[in-house]
Amino acid sequence: MSGSDGQPGGEVRDGGDVQDGGDVQDGGEVVLLGSGAADGWPNPFCECASCVAAAGAGRIRGQTSALVDGRLLLDCGPEAPRSAMRAGRSLAGVRHLLLTHSHPDHLGPAALLFRHWAGRREPLDVVGPADVVAQCRQWVAAGDPVRFIEVAAGDEVVLGEPDGARYRVRVLDASHAVRGAGDAVLYDVARVGAASRILWATDTGPLPEPTVRAVAGARFDAVFLDETFGDRTDLDGGHLNLTTFPRALAGLRRCGALVEGTQVVAVHLSHHNPPPDELDRRLRPWGALAGEDGMVVPVPGVERGPGAAGGPERAGPRRTLVLGGARSGKSTLAEEALADRADVTYLATGGHGRDDAEWLARVAAHRERRPETWRTVETTDVAELLRTATGPVLLDCLGTWLTARLDLHSAWDGGPLERVEADMDELVAAWSACPAPVVAVSNEVGSGVVPATASGRLFRDLLGRLNARIAAASDEVLLVVAGLPVRLR
């Protein structure tokens, strides 16, 4: 860490009718001044479905920045000062400005000139990578009480005064660059003498391994995590999308950075995401919220016990049934629902199909898109595994499970159907008793023509009954049609 001058931050003065930082006690708050990408969301020049829906709903997002306890400003693009006014917050109490990198939506150094014009004489810390600090110096008048602090990943600095609010700031690697490696960072910010701690992780692609190691056991109160690219997978890797975002959460849960009660907020949102209501639905199973401009996130400063490092209780339903026709996208949706967990057991009931090249290709495609940390168990004896699960379970699918039970008991050829029904009873009981989050996939086969064969009608009738019973014991039931989920419960 290098390049310091000036004086440390001082006391907070009254900001008038607009709320200032105040005298922060054990708790605090993070006000999300902006939650959008560089071009915001909607992009004012765009007429895509996502932008039209966002504009129609009045959900207008500016460039991402946040105000912590009225004292510490995280990123300050050109929109941030006016965003603070719209959020009913004054920047007069800001004593520490933390800048992640010099892309223009995160660095609007003219704000330092505006502060000078207002006659503010309280000390201010400006913290950031070297090129950020170099640009900010040009906007500070001689004699202004501004201290510049150049930082790089791995640094740690304490900001504030001994008799006031103080913050320990750890600087972390980001998977993002302006001109080269190391010129963009993330911040781990903790109140000294209080339990409150947040992770400011925008802009970044998949979190670098040194960053994950650095925050192990952090037990954050809140995590603000980049989610710029939505369903786009063909763009530069300097941001997260709806595939890599939950995997980043899984890594943070696995290392104990996310725990029960950690608030997860997706930020730096853009029109590459689905329309706002759909994005809300996609984030909900992962226990995450889409950031909104003006959103206030309380940071309670409550000490968190040691607990297990497996992560917070999921905000989503405990038991979810996903129904759909062939190639409807039901399996993809089911996998997405658990994508934020690294410890999923995938119960594959489809059998080996060694002589069926098409079936083997389908199985290979399913395996390819699963996270490497998931454990796959190929079995049709799923009831015991459901009853004794210690982590999330994905069962895919009930149709192939039923086929295997009919095979086992020779029920296609007049074998004892009551044995199949007993297996169904056991499965439904195990589903109801499963102690962990569980998602099951099943075929919706009752909407087409009546099958021409007796075996086809038998399968349709039994699976229809099984689906109904599993649905009755589920917290959430989704029907997927042409890739679009319809919530039935």
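Here are the numbers for the structure shown:
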| read-out | value |
| --- | --- |
| Every residue from region 375-422 that is touching a residue at least 40 places away in the same chain (Cβ under 8 Å), buried (at least 18 other Cβ atoms within 10 Å of the Cβ) and either touching a strand residue (DSSP E or B) at 6+ places or on another chain (Cβ under 6 Å) or of a type in the set (D, E, K, R) (or both) | Val382, Val393, Leu394, Leu395, Asp396, Cys397, Leu398, Gly399 |
| Scope region 398-434; condition farther than 22 Å from Thr320 by Cβ and outside any helix (DSSP H, G or I); matching residues | His409, Ser410, Gly414, Gly415, Pro416 |
| Condition check for Asp293: buried (at least 21 other Cβ atoms within 10 Å of the Cβ), modelled with pLDDT of 85 or more, outside any helix (DSSP H, G or I) and acidic (Asp, Glu) | yes |
| Checklist (1) of a type outside the set (Val, Ile, Thr); (2) within 17 Å of Arg137 (Cα to Cα); (3) more than 22 Å from the chain's Cα centre (by Cα) applied to Leu91, failing item | (2) |
| Tally, over region 142-184, of residues that are under 26 Å from the mean Cα position of the chain (by Cα), among the aliphatic types (A, V, I, L, M) and within 17 Å of Asp125 (Cα to Cα) | 3 |
| Every residue from region 270-290 that is part of a loop (DSSP other than H, G, I, E, B) and buried (at least 18 other Cβ atoms within 10 Å of the Cβ) | Ser270, His271, His272, Asn273, Pro275, Gly287 |
| The one condition in (1) touching a residue at least 12 places away in the same chain (Cβ under 8 Å); (2) over 13 Å from Arg319 (Cα atoms) that Gly448 fails to fulfil | (1) |
| Qualifying positions in region 451-478 - farther than 22 Å from Cys434 by Cα, touching a residue at least 40 places away in the same chain (Cβ under 8 Å) and crowded, with 16+ Cβ neighbours inside 10 Å | Leu458, Phe459, Leu462 |
| All strands (runs of 3 or more DSSP E) inside region 180-269 with 1 or more residues being at pLDDT below 95 | 185-191 |
| Sole residue being surrounded by fewer than 21 Cβ atoms within 10 Å (Cβ to Cβ) and at pLDDT below 95, chosen from Ala92, Ala141, Ala130 | Ala141 |
| Filter result (closer than 18 Å to Thr349 by Cβ and not hydroxyl-bearing (Ser, Thr, Tyr)) within region 440-459 | Ala440, Val441, Asn443, Glu444, Val445, Phe459 |
| Test: residue in region 39-55 that is in the same structural domain as Asn273 (by TED's automatic domain parsing) and closer than 20 Å to His101 by Cα | yes |
| Region 436-473: number of residues that are modelled with pLDDT of 95 or more and hydroxyl-bearing (Ser, Thr, Tyr) | 1 |
| Residue count, region 146-161 (criterion: touching a Gly at 6+ places or on another chain (Cβ under 7 Å) and either at pLDDT 95 or above or not in a loop (DSSP other than H, G, I, E, B) (or both)) | 10 |
| Leading residue by the ranking (farthest from Arg170 (Cα to Cα)) among those in region 212-243 that are of a type in the set (S, T, N, Q) and surrounded by fewer than 24 Cβ atoms within 10 Å (Cβ to Cβ) | Thr233 |
| Pair list, Cβ < 7 Å and 6+ apart or interchain, from region 57-83 residues that are β-branched (Val, Ile, Thr) to residues that are not in a loop (DSSP other than H, G, I, E, B) | Thr64/Gly34; Thr64/Gly36; Thr64/Val267; Val68/Gly28; Val68/Val30; Val68/Leu74; Val68/Val189 |
| Any hit, region 56-69, residues being β-branched (Val, Ile, Thr), over 19 Å from the mean Cα position of the chain (by Cα), in the same structural domain as Pro274 (by TED's automatic domain parsing) and assigned to a helix (DSSP H, G or I) | no |
| Matching option when the condition is on the phi > 0 side of the Ramachandran plot and either in contact with an Asp or Glu (Cβ under 9 Å, 6 or more places away or on another chain) or not assigned by TED's automatic domain parsing to the domain that holds Gly62 (or both), among Gly230, Gly217, Gly193 | Gly193 |
| Residues of region 378-402 satisfying the condition of being of a type in the set (Val, Ile, Thr) and under 31 Å from the mean Cα position of the chain (by Cα) | Val382, Thr388, Thr390, Val393 |
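The values are calculated or read from the model by the stated rules, or taken from the named source; none is laboratory data. It should be emphasised that the depicted structure is a prediction, and the values quoted were computed from it without experimental measurement. Positions of Cβ are generated from backbone atoms using ideal geometry, with glycine treated the same way; all protein chains shown enter the neighbour counts.
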